[in-house]
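Worksheet: the structure to be examined is printed underneath.
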Amino acid sequence: MKLTKIYGVNGDDYHNHRVVTFLFGTENVLFSKRLNYLLVVSKESPKSDTIDFEKDAYIEHLGDVDLKAIIDDSATNFILRCNPVKRNIKTRKLQPVFGEDNIKAWFDKRIIGSGFSLTGTILISESKSISMKNSETLTHHDVNIIGSLTVHDYDLFENAIFKGIGQAKFLGYGLINVFDSL
């Protein structure tokens, strides 16, 4: 598992997707928007150290990360930016999941078999994210889940990190971020 931070990218979620896709392609990569950088988890290193259309961007390679070296058997803090949705049985369309209890239930279902369990209380905040793709407006239900977890199976947990949780992973949703201290 390789970690990379990309600084100096100031765009909406779709713009960030374009940057990550330019550097890493679309396979085996997830990213999360942090305060002043994009955190990227990938199986491969970036294809380039520069981004043609992002002149102020610079890349910090954190290299290979061994989860066992950064996470011990005690509780580890995490943050997950996700887009919780459920399928409407009548219309077959995906609809956002609203409300703390409903989001918690949605999250609990998705972490079954992921090699970790939640410890303690989690904090959930909801907002709306709007991005532009060409002339099309993309709107997503933006949820941050903050809490602590305990890893029971590192292989399953690493797989859960690469797989992500929920929809819209290409826009920076779904990464279980336990890497902010690096």
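Here is a check on your reading of the model: is Glu60 of a type outside the set (S, T, N, Q), in a loop (DSSP other than H, G, I, E, B) and touching a residue at least 12 places away in the same chain (Cβ under 8 Å)? Taking the combined requirement at face value, the residue does not satisfy it. Please tell me if Lys43 is over 20 Å from Gly11 (Cβ atoms) and touching a helix residue (DSSP H, G or I) at 6+ places or on another chain (Cβ under 6 Å). It is false that Lys43 is over 20 Å from Gly11 (Cβ atoms) and touching a helix residue (DSSP H, G or I) at 6+ places or on another chain (Cβ under 6 Å). Here Val19, Val41, Val65 are screened, and the one residue that is modelled with pLDDT of 95 or more and under 18 Å from Leu175 (Cα atoms) is Val41.
The values are calculated or read from the model by the stated rules, or taken from the named source; none is laboratory data. Keep in mind that this is a model prediction, so the values were computed, not measured. So basically every Cβ, Gly included, is an ideal-geometry build from the backbone, and we count neighbours across all protein chains shown.
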